[in-house]
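Quick note: the coordinates plus some simple rules give every number you see, no bench work behind them. The shown structure was predicted, so the numbers you read here are calculated from the model rather than taken from an experiment. Glycine also receives a Cβ, built like all others from the backbone with ideal geometry; neighbour counts cover every protein chain displayed.
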Amino acid sequence: MSVGDWGVGHYERTAQLLLPAAEVLVGAADVSEGETVIDVGCGTGNAALLAAAAGASVTAVDPSPRLLAVAAESAAERGLEVTFAEGEAAAIPAPDAAFDCVLSNFAVVFAPDPEAAAAELSRVLTPAGRILFTAWVPGGALGAFAGAMQELVRTALGAPAPAPRFAWHDAAELSSLFSRHGMVANVAGPQELSFQAANPEAYLETELATHPLAVTAFEVLQRRGIEAAARRELLDVLRTHNEDPEAFRSTSRYLVVSARRARR
């Protein structure tokens with residue numbers, strides 16, 4: 001299953017749930033007044049707006065025009081000056097060495113080409129700058145849910161098994177990736193986010209109606225006429241991994257990854 005269009009559905013709901021992680025990320029970056037900051041894969045602008053509120057000169061980049069418009073409206077409502085541009089991690093629309101800090105809140109980890117993304121993040125960074133991004137740790141109900149959704153779509157399309165995704169949570173893999181671009185990577189955490197609903201059924205229906213990846217995937221399953229069976233399978237996954245027998249809760253862990261240029 002490809003990443004798809006993050007502008008479909010209602011990502012605003014998911015973005016609000018991820019706001020605490022954006023606060024952790026910007027706090028770890030120690031963004032200060034007068035710095036130049038870019039938020040890569042800004043979505044609705046969580047990290048970008050926090051950095052702008054701290055006094056930084058912020059550019060926010062995302063491949064979705066709709067989400068850029070949502071972020072721009074939020075910035076205007078808060079009286080924050082942010083420059084918005086359409087682009088993605090593998091092709092950041094910015095000159096070399098333009099930013100003191102590069103941020104990405106659960107966005108660069110979805111880049112189809114990790115090598116190109118790491119190269120671009122490093123390219124736009126000033127010599128003394130830093131890169132910080134959040135990365136999910138595999139596991140939990142939502143990890144199992146996403147994996148089951150991907151497998152359902154793959155089977156429905158008759159597609160071959162995908163190549164293993166890059167392990168953005170793995171310190172050794174990250175070290176190797178960024179070292180090829182003259183960077184030293186470090187990992188901090190894990191931190192936790194809790195996702196809750198009245199019950200697994202309610203969580204499933206909300207995800208299928210709002211989350212861009214779930215909306216896109218379920219359109220495929222509907223076209224193949226296996227919507228009902230897929231819904232039952234996904235619900236079984238959520239029930240199996242549910243942490244709250246009286247409702248629904250899933251705890252997801254994430255890391256804050258940072259990278260700086262290697263000292264010579």
On Cα atoms only, tilt of 200-210 relative to the major axis of the chain in degrees: 60
Calculated FRET efficiency, Arg154 and Thr126, Cβ-Cβ r, R0 51 Å, to nearest 0.05? 0.80
Which of [x] 55, 41, 34; [y] 118, 61, 31; [z] 47, 44, 36 gives Cα extents along the principal axes in Å as computed here? It is [x]
Nearest-ten-degree value, helix 114-123 long axis tilted from longest Cα axis of the chain: 20
Using a 10 angstrom cutoff on alpha carbons, build the Gaussian network for the chain and name the most mobile of Asn46, Asn199, Asn105. Asn199
Short version: what are the Cα gyration tensor semi-axes of the range 23-173, square root of 5 times each eigenvalue, largest first, in whole Å? 29, 18, 15
How much length is gained on full extension from Gln16 to Ala229, taking 0.36 nm per residue of separation minus their Cα-Cα distance? 73.6 nm
What angle, in degrees between 0 and 90 and rounded to the nearest 10, separates the Cα long axis of helix 212-223 from the longest principal axis of the Cα atoms of the chain? 30
Can you give the charge dipole size of the chain about its Cα centre, rounded to the nearest 20 debye, using +1 on the beta carbon of Lys and Arg and -1 on the beta carbon of Asp and Glu? 660
Shape category assigned to the range 155-264 from the gyration tensor of Cα positions, a/c cut at 1.5: oblate
Contour minus end-to-end for Glu243 and Arg180, with contour as 0.36 nm per residue of separation and end-to-end as the Cα-Cα distance? 18.7 nm
Cα centroid distance between the range 143-220 and the range 91-136, in Å? 19
Would you mind telling me which residue in Ala15, Ala209, Ala161 has the biggest mean-square fluctuation in a Gaussian network model of the chain, where springs connect alpha carbons within a distance under 10 angstrom? Ala161
